[in-house]
Each structure stands twice: as structure tokens, then as C-alpha cells.
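Data first, discussion second: the structure below is written as C-alpha cells.
Computed from the coordinates by the stated procedures, all read-outs in this text should not be read as laboratory data. Bear in mind the structure is a predicted one, so any value in this text is a computation, not a measurement. Please note: Cβ atoms are built from the backbone with ideal geometry, for glycine as well, and neighbour counts cover all protein chains shown.
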Amino acid sequence: MPASLAQVAQWLRADVLCCAHVLDRSITMCHGSDLMSDVLAFSHPNTLLLTGLTNPQVVRTAEVAGIYGVVFVRGKRPREVMVALAEEYGLPLMVSPYAMFDACGLLFSQGLRGWSLCGPGQRP
Amino acid sequence: MSAGLAPEGGEPEFLRAFDIQAGDFAGAGNVSIAVKNLLKELGFAPEVLRRAAIAAFEAEMNVVMYGGGGHMEVFIAPRAVRLVISDHGPGIPDLDLAMQEGWSTATPEMREMGFGAGMGLPNIKRNSDQLRITTAPGQGTRLQVDIFPR
Ligand SMILES: Nc1ncnc2c1ncn2[C@@H]1O[C@H](COP(=O)(O)OP(=O)(O)O)[C@@H](O)[C@H]1O
Ligand SMILES: [Mg+2]
């Protein structure tokens with residue numbers, strides 16, 4: 001079930017760090033990972049990425065993979081340069097106080113799914 | 001040069017070259033995003049842009065992490081993109097092994113950035129319609145990635 005980034009921010013009690021004007025974007029899939037090559041391999045264009053990594057490669061990976069928004073879990077904040085980069089790409093970033101498992105669980109309970117449950121032809 | 005490129009893709013012509021800096025972890029990925037934007041301006045389909053950007057990004061990360069710097073050249077045909085990513089680094093001693101998912105010689109520093117899962121070369125292959133790799137110990141590595149609209 002799709003959801004807007006604004007709804008995601010509310011469910012995850014997240015602070016929006018940039019690109020607040022595009023929170024009406026609808027995401028159809030979620031991906032929780034700290035492995036950027038996995039994100040590149042398994043994400044679909046309108047995916048929400050949840051990650052515990054806060055280095056600039058996360059923002060570049062998201063831009064390359066066509067990710068719609070990034071949630072940093074357990075309150076980890078990226079540095080200003082990274083936020084500026086995301087702003088340049090038009091990529092919304094948020095910080096949630098929840099840990100990865102709980103953040104993913106909260107979104108799952110709202111009906112969102114990952115690529116292995118809703119990716120085209122990828123159900124195990 | 002054009003050997004193997006699908007006829008519908010046409011003969012690719014050189015467009016631009018970008019330098020990739022060795023060990024520049026903070027800037028790694030910028031070349032691939034510049035290439036993606038260049039192809040976007042030229043009007044390539046989103047699906048081609050996405051596959052080109054993913055292949056470029058993984059290859060760029062490898063040049064930064066292992067290749068000791070190098071460059072990325074962009075060739076285009078009306079309906080095809082060719083990326084040539086080359087370095088003069090140590091080369092890949094066993095390419096069959098390196099192509100396997102999960103095989104990696106990444107350092108802890110690289111893993112902390114989210115790379116080093118041994119998925120890069122397989123990701124490049126998955127996103128290419130044709131991939132040619134030339135490498136040998138001490139001879140550097142050259143990847144030729146061809147992408148056609150599907
Ligand atoms: N340009 C390169 N020069 C030298 N070695 C490379 C290069 N690219 C890849 N390799 C080798 O191949 C391995 C697998 O690469 P890859 O599939 O991208 O996975 P990863 O980067 O996660 O290790 C690397 O760990 C490295 O040993
Ligand atoms: Mg790699």
C-alpha cells in the first residue's frame with residue numbers, strides 16, 4: 001500500500017532535514033539496509049530507504065538508485081554537507097528516533113512492504 | 001570498437017571523459033551523478049539512466065577503492081550508451097572469483113561506507129546489456145559497459 005513521505009514522517013516521529021516541499025511524494029516500497037550495493041541491486045525507483053549509515057555515499061546511492069526519500073534510524077544525524085547535497089538532488093532526508101527494526105515494523109504495520117514482498121517478480 | 005553492439009544501438013561516439021580520484025571517499029560518486037545528468041539532458045529513457053548510473057557508480061567506487069584512480073569515458077549512439085571505466089591499479093587476479101556475489105577484498109573503512117559486500121561487479125553485470133572486462137595483475141582494469149533501451 002503506498003504512503004506519502006509526510007505520513008512516514010508522522011508514523012516514525014521523524015524530523016525532516018530537507019526538501020520538506022516534496023513530502024507529498026508517494027512511496028510504494030521500503031528498503032532497510034546499511035549495504036549500499038544491496039540498495040543499488042534491489043531498490044525500485046519510488047522506494048523509501050531506511051538506514052543507519054550517515055556518510056555522503058548514502059545520499060549518492062539514493063540519487064543513483066532513484067530513491068524517493070531517506071530515513072536515518074535511531075536518531076543518527078548526517079552532517080550539514082550531506083544535507084546540502086541532498087537538497088541539491090531534491091532528496092528528502094529525515095531522522096527518526098526509532099531503531100531500524102522498530103522503524104521498519106511501524107511502517108510494515110501501516111501496510112508498507114519491501115521488495116521481497118511487493119517487488120515485481122521478486123517474491124521468494 | 002563497436003564489436004558486439006546491437007545494430008539498433010548504432011555506433012557509439014565519444015562524448016566526454018571524467019577523472020576519478022584515488023581514495024576520494026568523500027567525493028566518490030560525483031562522476032557517476034554527472035554522467036547520469038549528462039545522459040538525462042540528452043533525453044535518454046529513465047530506465048537507461050538508472051541502469052547506466054548504477055553501473056557507473058559501482059565501477060567508480062571500485063576505481064576509488066581499489067584502482068588507485070582512473071577515468072570514466074562516455075560514448076553515445078542514438079539509442080545506446082557505452083561507459084568505459086579504466087584505471088592503472090593492481091588489476092584483478094581472478095576475475096571469475098571477483099564476479100561472484102559476496103567476494104570482496106574491501107577494508108573496514110570501505111565497509112563502513114556501505115560498500116564491500118562483493119555485489120559491485122555483479123550489479124554492473126546485471127545492469128549492462130553487454131559487459132567486457134579487461135584486467136591482469138599489474139595491468140589495471142578496464143570495464144566496457146554497453147546499455148541499450150529494453
Ligand atoms: N578496479 C579494480 N581494481 C582492482 N581490483 C578490483 C577492481 N574492481 C574490483 N576489484 C576487486 O574485485 C572485488 C569485488 O568487487 P565488487 O564486486 O565491486 O565488490 P566490492 O567492491 O564490494 O568488494 C573487490 O573486492 C576487489 O578485490
Ligand atoms: Mg565494488
For residue B:14 and residue A:99, extending 7 Å from Cα along the Cα-Cβ vector and measuring point to point gives, in nm, a value of 5.5
In degrees, nearest 10, the alpha-carbon axis of helix B:46-62 is tilted away from the dominant principal axis of the alpha carbons of chain B by 30
To the nearest 0.05, the calculated FRET efficiency linking residue B:95 and residue A:108 through their beta-carbon distance, R0 being 51 Å, is 0.80
Least to most buried among A:104, A:118, by other C-beta atoms within 10 Å and fewest first, runs A:118, A:104
Kirkwood Rh for the stretch A:3-113 from C-alpha pairs, in Å, is 13.3
Note to self: C-alpha centroids of the stretch B:57-89 and the stretch A:34-105 sit apart, in Å, by 25
If each K or R counts +1 and each D or E counts -1, the residues other than residue B:34 whose Cβ falls under 15 Å of its Cβ total -3
The stretch B:67-118 -> Rg/Rh from Cα coords, Kirkwood Rh, value 1.07
When A:13, B:50, A:60 are arranged by how many other beta-carbons sit within 10 Å of their Cβ, fewest first, they go A:13, B:50, A:60
Expected integer from the mean partner chain Cβ neighbour count at 10 Å over A:50-60 is 4
